[in-house]
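Notes follow once the structure below has been shown.
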Amino acid sequence: MTVEFDENEGSISLHQKNLIIKTLERFGMSDSKPKATPLPVGSLMNMDTQPSPTPSSNVEFMKDKDYRGVLGSLNHVANGTHPDIAFATNYLQRYASDPCPIHWNRAMHVLGYLKGTLDYKITYRRGSSEDDGLTPIGFVDSSHGDDRTTGKSTMGYVFTMAGGPVSWSSRAQKRVTLSTTEAEYVAAVHGGRQSKWMGSFLDELELYKDRPYPLWCDNNSTIDLTHSTKGHGKSKHFSMDYHWIRDAVQLKELDVQYIASEENLADIFTKSVPKPRAVDLLRKMGMTGV
């Protein structure tokens, strides 16, 4: 992924500035105007409502556009050092099989955003003797039915350690959910499984951390369901594998706790948010140069 490192006293920063510059050159965006956000806020409706079958004019426009190539480049950056473009990149991937001009233009918009955020870095800091900062702290969130084509929801998580993000995800849920609570519950399961894996990995490294690990969620109904051992009318239709998280909570591997929506770092992985909101979340997440 061509990740570069800047070491300082007590901290280390990761970035992909040179890779991004090369990507901008590759797709003719070096002289483009920087964009404030990865995707225009409120732009998803236009992306989801494309005519079928695809008009011949769209086919003509896209025939010399390397849409999969730009997605590959965006993925490298999103998975490496830019969690801020994870949502946009995942959303654009949903149209990889039949992209339209609007999807290409949105991909170029993401590149324009990267041009304006070349100095963004992930920074990790040395912990203290009392707290080394290496306990994974997780945040989960979900939209509900934001994909107007499929009715599916987008979910996301982010985990921080040593003051910076170490694992993050933005993806569409596999099934349509019937409520916000259900969508958030599925997101909590998704994040909980990642927390479980991270704990096992730390154990292998002999970096043993006390359980349960915190998992922050902004939906009280979802939290109540994760702590309950009884059946509920609102959850009786949930797939059985989603109730894995109840076991994890009962076994004290996870502690699903409430956090106000405005403080939930995972919000940026479920939707396109205005720049002030994004900047606030990224700084709290541990991004520097923001």
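The values are calculated or read from the model by the stated rules, or taken from the named source; none is laboratory data. Just so it is clear, the model here is predicted, and its values are computed rather than measured. Here the Cβ is made from the backbone with ideal geometry for all residues, glycine too, and neighbour counts use every protein chain on show.
Checking the structure you have, find out if any residue of segment 163-177 is over 15 Å from the mean Cα position of the chain (by Cα) and closer than 22 Å to D255 by Cβ.
yes
Which of the residues that make up segment 243-271 are of a type in the set (G, A, S) and surrounded by 19 or more Cβ atoms within 10 Å (Cβ to Cβ)? Working first, answer last.
Filtering segment 243-271 for residues of a type in the set (G, A, S) gives 248, 260-261, 266.
A248, A266 - these are the residues of segment 243-271 that are of a type in the set (G, A, S) and surrounded by 19 or more Cβ atoms within 10 Å (Cβ to Cβ).
Could you list, in sequence order, the residues of segment 119-162 that are among the β-branched types (V, I, T) and under 16 Å from the mean Cα position of the chain (by Cα)? Quick ask: steps written out before the conclusion?
So in segment 119-162, the residues among the β-branched types (V, I, T) come out as 122-123, 135, 137, 140, 149-150, 154, 158, 160.
Answer for segment 119-162, where residues must be among the β-branched types (V, I, T) and under 16 Å from the mean Cα position of the chain (by Cα): I122, I137, V140, T154, V158, T160.
Within segment 203-223, restricting attention to residues that are of a type in the set (A, V, I, L, M) and farther than 26 Å from D267 by Cα, which residue is modelled with the lowest pLDDT?
Of the residues in segment 203-223, the ones of a type in the set (A, V, I, L, M) are 205, 207, 215, 223.
From what is left, the residues that are farther than 26 Å from D267 by Cα are 205, 207.
Details: L205: 94, L207: 89.
Among those residues, the one meeting the criterion is L207.
Could you list all residues from segment 173-188 that are surrounded by fewer than 17 Cβ atoms within 10 Å (Cβ to Cβ) and touching a Ser or Thr at 6+ places or on another chain (Cβ under 9 Å)? Even if it seems obvious, please write down each step before you answer.
Taking segment 173-188 as the starting set, the residues that turn out to be surrounded by fewer than 17 Cβ atoms within 10 Å (Cβ to Cβ) are 174-176, 178-180.
Those that are surrounded by fewer than 17 Cβ atoms within 10 Å (Cβ to Cβ) and touching a Ser or Thr at 6+ places or on another chain (Cβ under 9 Å): R175, V176, S179, T180.
Yes/no matrix, rows are residues, columns are (1) crowded, with 23+ Cβ neighbours inside 10 Å; (2) touching a Lys or Arg at 6+ places or on another chain (Cβ under 9 Å); (3) not hydroxyl-bearing (S, T, Y):
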| position | (1), (2), (3) |
| --- | --- |
| P53 | no, no, yes |
| V59 | no, no, yes |
| L71 | no, no, yes |
| N90 | no, yes, yes |
| Y113 | no, yes, no |
| L118 | no, yes, yes |
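Looking only at segment 265-290, count how many residues are part of a loop (DSSP other than H, G, I, E, B) and either under 12 Å from the mean Cα position of the chain (by Cα) or without any contact (Cβ under 8 Å) to a residue 12 or more places away in the chain (or both). Reasoning before the result, please.
Going residue by residue through segment 265-290, those that are part of a loop (DSSP other than H, G, I, E, B) are 270-274, 286, 289-290.
Now restrict to residues that are either under 12 Å from the mean Cα position of the chain (by Cα) or without any contact (Cβ under 8 Å) to a residue 12 or more places away in the chain (or both): 270-272.
Selection size over segment 265-290: 3.
Residues of segment 16-38 being under 11 Å from G112 (Cβ atoms) and not hydroxyl-bearing (S, T, Y), which ones?
L24, F27, M29, D31, K33, P34, K35, A36, P38
Do any strands (runs of 3 or more DSSP E) lying entirely in segment 124-224 carry at least 2 residues that are of a type in the set (V, I, T), and which ones are they? I'd like the intermediate steps shown before the answer.
Values: elements: 137-142, 154-161, 164-172, 213-217.
In segment 124-224, 137-142, 154-161 are the strands (runs of 3 or more DSSP E) which contain 2 or more residues that are of a type in the set (V, I, T).
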